[in-house]
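Rule-based calculations on the coordinates, nothing more; no lab input. No experiment lies behind these values; they were computed from the predicted model shown. Virtual Cβ from ideal backbone geometry, glycine too; neighbours counted across all protein chains shown.
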Amino acid sequence: MNGKIPKMALEWKGRFDLFLRPHYPRVAVGMEGGSLVALRLGVKKNRKEKGLVIEHFSQIPIPKESWSVSFTKPNILSPDRLGTVLGGVLDRLGVSKGDTLSLLLPDNVARVNLLAFSELPLRKKEILPLIRFRLQKTIPFRMEDAVLAYQILQRKPEGECSLLAVVLHRKVLRQYEDLFRAHGVHPGLVDLSSLNLLNLCRHERFSRNPASEDWLLVNFTEEFLTVAVVCGEEILFFRSKGRPSASSSNGSSNEWALRELRGSLSYYRERLGGKELACCVLRATTPASDGFLENLPEATGTDTVILNPIGEFEMAAGLDPPDPLLGQRMVPLIGMGLGRKE
């Protein structure tokens, strides 16, 4: 898959980081598509040239039946088998005991919510109870068992406020943390795939002045389909659906994804008063997604641009560029790495 980053202005004031801390190494590990994908970004050693270099990337299959994505149930079914694979990934990354890295998870391991308030307190300890109250009837477990993080998207002078809230089951998060801590490393930042695609799009390297047009992000993977509509600094719509099993799906995975996409856009237009879309930005990691790609212009009513920033980065000496499919798996990891500092 090839494509160019759209020349759009997506400079958001904040980052969509789930568990934000100030500084992390540009080392990230992602779990998607039945694989562990690793990325390490480094700074160019030539002082005359500023920029980042892809120092390492790799992909290792996860043993079947050792990992299963779920919002409510345990994800790591065989810590020993999965831990062995992770150990090999960490060795390739050159990660030492005591190091901190970033962990990228599939969207459907969490629940992303867009909430609007007529007014909102300024203090975090007063905001969290309000969010918990709004979400308690929509989450299929006790809010006491939830890890909650939020990002204020827009606060108007008259008091109205919109925010993005992310919920993850505490025991599920602990499973992932324990997996890494067993190797002596700390997953200091845990984040979601599509939120880092948005981070990538709004990064100064790939954006310009703020735009007033609505645009569409589609993230289609083996585990989920996420559809988001964005305008300037605000996410207007966000919906993520876990991919159905082959036995329960009606038709092919491409047909299912197109139905979900059309339904999402219908809601955006009819219920939210959505405008015409400037473009559709696609990231797809499914090998058989060509049929989906061919039907996107008809389903979205706009042109499709494949998110593919790999060619914008220099490769370390001796490192060949990834194949197109692995390149697509690396895209959100690049978005995560660009937001970190050494």
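Of the cross-linked pairs 64/171; 125/156; 97/171, not one is separated by over 26 Å at the C-alpha level.
Charge tally around residue 256: other residues with Cβ under 10 Å, Lys/Arg +1 each, Asp/Glu -1 each, net +1. Placing +1 on the Cβ of every Lys and Arg and -1 on the Cβ of every Asp and Glu, with nothing else charged, gives the stretch 27-338 a dipole about its Cα centre of roughly 1000 debye. Using all pairs of distinct alpha-carbon atoms, the Kirkwood hydrodynamic radius of the stretch 86-201 works out to 16.1 angstrom.
Candidates 129, 149, 77 compared by Cα position along the dipole of the stretch 62-156: farthest toward the positive end lies 129, with charges placed on Cβ. When only Cα pairs below 8 angstrom with a gap of at least 6 residues are kept, the stretch 27-338 shows a relative contact order of 20 percent.
The Cβ shell under 11 Å around residue 193 holds other residues with a net charge of -2, Lys and Arg each +1, Asp and Glu each -1. Taking every DSSP bridge with both residues inside the chain, close to 70 percent are antiparallel. For the stretch 142-174 versus the stretch 247-320, the inter-centroid distance based on Cα atoms is 26 Å. Near residue 274, once Lys and Arg are set to +1 and Asp and Glu to -1 for all other residues with Cβ below 12 Å from its Cβ, the sum equals -1. For the chain, the residue among 190, 254, 279 whose Cα projects farthest onto the positive side of the dipole built from Cβ charges is 190. So for the stretch 27-338, what percent of the C-alpha to C-alpha distances run longer than 27 Å? The share of Cα pairs beyond 27 Å in the stretch 27-338 comes to 46 percent. Approximating the spin labels as points 7 Å out from Cα along Cα→Cβ, the residue 290-to-residue 136 distance works out to 5.3 nm. For the stretch 281-337, the dipole from Cβ point charges (+1 on Lys and Arg, -1 on Asp and Glu) about the Cα centre works out to 220 debye, to the nearest 20.
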